[in-house]
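Bear in mind that the values in this text are calculations on the coordinates, not laboratory data. All values derive from a computational prediction rather than experimental measurement. FYI the Cβ positions are ideal-geometry reconstructions off the backbone, even for glycines, and counts take in every protein chain you see.
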Amino acid sequence: GWATILGTTAVIVFCMLVRRHYAYVGRQLRAADRRLDFKPKEAPPEPMKPDPSKPTAVFLIGSSYGSGMHTLLNVARTFPNHFRNFVFVSVGEVDSSSFGGSAALDELKAGVCERLASFEMFCRHRGIAAVSYSRFGTDVVDELTTLCRQVAHDFPNCVFFAPRLVLANENWFIRQLHNHTALEIQRRLHGEGLQMMVLPMHIN
């Protein structure tokens, strides 16, 4: 009996610690969303048509606007004036809540499209040709891999970029809770001869 009580208590404490950790990371990412939010003060110029023959940076965009913008700015700073096209790729994860009805699925699609549109708008204000791709499904890694293959076909001279969270006092346990999606897609794309870089995003 005591063993059962101790085991149950240990599981509950473990789950509470994991939940607390994810809540903390979520707050930090929302702060990054607010800090890096782009609010144009003037009407955007006409969109530029991407040239598939030119160097193209492809950004894997998740649910955090801030992490995507952090990656975009890092690429622009690291490779100044090299990439002539920016492509944004995102997958909406269809989970149990999305199966609750058409309204939930429509809300998911609207959120993904709005997020991608904000990145395209950022590029238009800076004279960068930009386009976005999206899919929806239950397996984010499979759907993102499919989208990346499509982008690589449409833009042969491309490099993929994704963020990797780096947390203060990171240890083996914390590493198991993050970054698997980007690293798994990188492994798959490298296996197909496609270039992908995972860039750090530090979380204090």
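Couplings 3J(HN,Hα) of region 53-63, computed from phi: 7, 8, x, 10, 9, 10, 10, 8, 9, x, 7 Hz, in residue order, whole Hz [Karplus 6.51 cos²θ - 1.76 cosθ + 1.60, θ = phi - 60°; x for Gly and Pro]. Highest average first, the peptides 86-94, 62-70, 141-149 ordered by how many other beta carbon atoms sit within 10 Å of their residues are 86-94, 62-70, 141-149. For region 158-167, 3J(HN,Hα) computed residue by residue from phi via the Karplus equation (6.51, -1.76, 1.60; θ = phi - 60°) reads 10, 10, 8, 9, 8, x, 10, 6, 10, 9 Hz, glycine and proline entered as x.
Sort 46-53, 120-127 by packing, meaning the average of other beta carbons within 10 Å per residue, with the highest value first.
Sorting 46-53, 120-127 by mean packing, highest first, produces 120-127, 46-53.
Near residue 145, once Lys and Arg are set to +1 and Asp and Glu to -1 for all other residues with Cβ below 11 Å from its Cβ, the sum equals -1.
Multiplying the residue separation of residue 84 and residue 181 by 0.36 nm and subtracting their alpha-carbon distance yields 32.3 nm.
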